[in-house]
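The values are calculated or read from the model by the stated rules, or taken from the named source; none is laboratory data. Everything numeric in this text was worked out from a predicted model, so none of it was measured. Cβ placement follows ideal geometry from the backbone for every residue including glycine, while neighbour counts extend to all protein chains displayed. In case anyone asks, the SASA skips ligands and DNA or RNA and just uses the protein heavy atoms, side chains included. Shrake-Rupley method; radii C 1.70, N 1.55, O 1.52, S 1.80 Å.
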Amino acid sequence: MRVYQNVLEMIGETPMVKVSHIDTGPCELYLKLENLNPGGSIKDRIAVSMIEAAEQAGKLKPGMTIIEATAGNTGLGLALVAASKGYPLQIVMPDKMSAEKVNNLKAMGAEVVQTRSDVQKGHPEYYQDMAARMAQENGYFYVNQFANEANVTAHYETTGPEIWQQMQGDLDAFVCGVGSGGTLTGIGRYLRKQNTAIDLVLADPEGSILEPLVNRNETVEAGSWLAEGIGEDFIPDICDIKLANKAYAVSDKEGFHTARELLVKEGVMVGSSSGTLIAAALRYCREQTEAKRVVTLACDTGNRYLSKLYNDEWMAAQNLLEE
Ligand code: PMP
């Protein structure tokens, strides 16, 4: 048993578990448990790589304030890194994100600004535009996971190789969502380099612009959805969306109920984006006519959604409970 010198060393090398009590058709479906990172999500990986890349490039100097636009998990990863390296942290997040994430960030010493969820890129109150403006006005270091190559690098160098090794080089498909596009681009490029035939499958919330683009090369207006951390109203700079060769649009209802089913049947408690990913992965698996080995991600812990998808009153108020 390894003893770690600090919590940052515990990021990555996450376990993988087979889905064994839910119908996966002729396929084997494996979940990589990114919820077991010390900050509770896959975003711990990019927090370390983006901060260290900025330090090495001389863009982030001792004492500078770090600012980031995030659905919350990148903020929580950055809070771990900022605390251990002594940087003050400012977080800008849309107001639809769970109270647990906001409280968790504040408890870790971050300052949190919540802004509108109902505006899109280009609007002054859009979370990313707000973070960029605050950085410029105050001389903060804006991490910008949506345009930061170190986000992709983290997944190309760690998550991708771990998946390949855990699957012992025998993998047919990988299913993921796009928030910043770091996982799709980093893991996708790595896996395709090992085997060009691997299916890269996008799991997208209904209302996002990505699924129509991947499946039908169609440009649509963005709608709204409740899943947190995935789905887009624009294509992030670092996102190589052409890597995805198939996509599924998943409703909030399907995604949230899949997360609940996973907890009850498999004992794994994940958040709303993972519900979307697993719902898409199950659809992919059940559509296959031959046995395939499929991997998807448990992106973050479900503990931060106890007031939402695991709460019957909240689910009923959103019209998401089944009759
Ligand atoms: N799931 C959750 C819970 C997230 O917070 C994010 C990132 N916002 C993602 C998935 C998407 O990952 P990526 O940014 O690498 O596309």
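Suppose the filter is in a loop (DSSP other than H, G, I, E, B), in contact (Cβ under 8 Å) with a residue 24 or more places away in the chain and either within 27 Å of Glu100 (Cβ to Cβ) or open to solvent by less than 20 Å² (accessible area, probe 1.4 Å) (or both); does Ala227 pass it? It is true that Ala227 is in a loop (DSSP other than H, G, I, E, B), in contact (Cβ under 8 Å) with a residue 24 or more places away in the chain and either within 27 Å of Glu100 (Cβ to Cβ) or open to solvent by less than 20 Å² (accessible area, probe 1.4 Å) (or both).
Identify all residues within the stretch 287-310 that are within 16 Å of the ligand (Cβ to nearest atom) and open to solvent by 40 Å² or more (accessible area, probe 1.4 Å); write none if there are none. Asn303, Leu306, Ser307, Tyr310 - these are the residues of the stretch 287-310 that are within 16 Å of the ligand (Cβ to nearest atom) and open to solvent by 40 Å² or more (accessible area, probe 1.4 Å). Of the residues making up the stretch 170-184, those that are open to solvent by 10 Å² or more (accessible area, probe 1.4 Å) and closer than 15 Å to Val152 by Cβ are Gly179, Thr183. Taking the stated definitions as given, is Leu60 open to solvent by less than 50 Å² (accessible area, probe 1.4 Å), of a type outside the set (Lys, Arg), more than 16 Å from the ligand (Cβ to nearest atom) and farther than 24 Å from Tyr305 by Cβ? Spelling it out, Leu60 is indeed open to solvent by less than 50 Å² (accessible area, probe 1.4 Å), of a type outside the set (Lys, Arg), more than 16 Å from the ligand (Cβ to nearest atom) and farther than 24 Å from Tyr305 by Cβ.
Within the stretch 186-207, the residues that satisfy the criterion of being under 17 Å from Val294 (Cα atoms), free of Cβ contacts under 8 Å to residues at least 60 places away in the same chain and within 15 Å of the chain's Cα centre (by Cα) are Ile187, Gly188. Criterion first (free of Cβ contacts under 8 Å to residues at least 40 places away in the same chain and buried (at least 20 other Cβ atoms within 10 Å of the Cβ)) does Leu210 satisfy it? So Leu210 passes the test. Total residues in the stretch 140-156 satisfying the condition of being in contact (Cβ under 8 Å) with a residue 40 or more places away in the chain and either part of a helix (DSSP H, G or I) or more than 22 Å from Glu52 (Cβ to Cβ) (or both): the figure is 7. Open to solvent by 10 Å² or more (accessible area, probe 1.4 Å), away from the ligand (no atom under 11 Å from the Cβ) and in contact with a strand residue (DSSP E or B) (Cβ under 6 Å, 6 or more places away or on another chain), is that true of Gln194? Answer is no for this residue. Restricting to the stretch 112-132, and then to whatever is assigned to a loop (DSSP other than H, G, I, E, B) and open to solvent by less than 30 Å² (accessible area, probe 1.4 Å), can you tell me which residue is farthest from Lys101 (Cα to Cα)? The qualifying residue farthest from Lys101 (Cα to Cα) is Val119. Restricted to the stretch 232-323, the set of helices (runs of 4 or more DSSP H) holding at least 2 residues that are acidic (Asp, Glu) comprises 252-266, 312-317. I'd like to check something: does the stretch 274-286 contain any residue that is away from the ligand (no atom under 16 Å from the Cβ), at pLDDT 95 or above and surrounded by fewer than 18 Cβ atoms within 10 Å (Cβ to Cβ)? Looking for residues that are away from the ligand (no atom under 16 Å from the Cβ), at pLDDT 95 or above and surrounded by fewer than 18 Cβ atoms within 10 Å (Cβ to Cβ), one finds at least one in the stretch 274-286, hence yes. Any residue at all in the stretch 173-183 that's in contact (Cβ under 8 Å) with a residue 12 or more places away in the chain, part of a loop (DSSP other than H, G, I, E, B) and away from the ligand (no atom under 16 Å from the Cβ)? So far as the stretch 173-183 goes, no, none of its residues is in contact (Cβ under 8 Å) with a residue 12 or more places away in the chain, part of a loop (DSSP other than H, G, I, E, B) and away from the ligand (no atom under 16 Å from the Cβ). Out of everything in the stretch 20-34 that is acidic (Asp, Glu) and open to solvent by 40 Å² or more (accessible area, probe 1.4 Å), what residue ends up being nearest to His155 (Cα to Cα)? This residue is Glu28.
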